[in-house]
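Everything below concerns the one structure shown next.
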Amino acid sequence: MPYLRITARTIPIDVRRRLVNELTSATLRLMPWERASLTSVHFTDIDPERFATESRLIVDGQAPNVHLEFIAPHIPERTRRDIIDRLTGILMNAYKMHGEDIYHVNIKFTAYDAARDFAVGGRFASRFMSLRSRLSKSAAPVLGGVALAGAAAYFAKRYLRRGWTPQASHFGEAGLSEQESQLPEPVLED
């Protein structure tokens, strides 16, 4: 479930659309165990009057940085190097940067444990990870995302239609019986 957060100057919507497509495609080529439906790209536009590097505001002529925070569960070292190589060029093209501007492209990786640091439908993903723990390590990255996607769909279909909201501290407050609040193990189909 890669989440890419870009902090940079504003770019036109058509360039943004192309950038989202290129970043998502490159991410999925480099992390084939992930899915497009679980990949998000978030833009945070900087105000040139409120962003500075090297002690100078962008509005005063300082070259702006493009900062990409790449957040995903388990990012192997080799994959990180490939992401840096591929995504730096994509960002430079989108933001019309050349040559020495490469030093204004920053990529920060944040890895998290999908079982402990991520919630779907108001529950920690660890609730849905027992199947993943039974799989071999080579199959886990591929099927883990599928299990979490299935869990999200399960919650949306079963609980959200019944009026459950994230504000409820437990399922009993949403009017569900103890038996209804017990979730079955997700089943992955081939």
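The values are calculated or read from the model by the stated rules, or taken from the named source; none is laboratory data. Not measured: the values here are computed from a predicted model. Cβ: placed from backbone, ideal geometry, glycine included. Neighbour counts: every protein chain shown.
Any idea which of (1) under 25 Å from residue 125 (Cβ atoms); (2) without any contact (Cβ under 8 Å) to a residue 24 or more places away in the chain is the one residue 25 doesn't satisfy?
Tallying (1) under 25 Å from residue 125 (Cβ atoms); (2) without any contact (Cβ under 8 Å) to a residue 24 or more places away in the chain, residue 25 fails exactly one: (1).
Just checking, how many residues over region 16-44 are surrounded by 12 or more Cβ atoms within 10 Å (Cβ to Cβ), outside any helix (DSSP H, G or I) and either aliphatic (A, V, I, L, M) or at pLDDT below 95 (or both)?
The total comes to 7.
Of all residues in region 52-81, how many are within 20 Å of residue 4 (Cα to Cα), of a type outside the set (S, T, N, Q) and surrounded by 15 or more Cβ atoms within 10 Å (Cβ to Cβ)?
11
Taking residue 55, is it more than 21 Å from the chain's Cα centre (by Cα), farther than 17 Å from residue 86 by Cβ and not aliphatic (A, V, I, L, M)? I'd like the intermediate steps shown before the answer.
Details: more than 21 Å from the chain's Cα centre (by Cα): yes; farther than 17 Å from residue 86 by Cβ: yes; not aliphatic (A, V, I, L, M): yes.
So residue 55 passes the test.
So which pairs qualify, if the first residue must be in region 30-54 and aromatic (Phe, Trp, Tyr), the second must be at pLDDT below 90, the Cβ gap must be under 8 Å, and the two must be at least 6 apart or on different chains?
Every condition considered, the pairs that remain are 33/141; 33/142; 33/144; 33/145; 51/57; 51/58; 51/64.
Tally the residues that are touching a residue at least 40 places away in the same chain (Cβ under 8 Å) and surrounded by fewer than 16 Cβ atoms within 10 Å (Cβ to Cβ), restricting the search to region 4-15.
Residues in region 4-15 being touching a residue at least 40 places away in the same chain (Cβ under 8 Å) and surrounded by fewer than 16 Cβ atoms within 10 Å (Cβ to Cβ): 2 in total.
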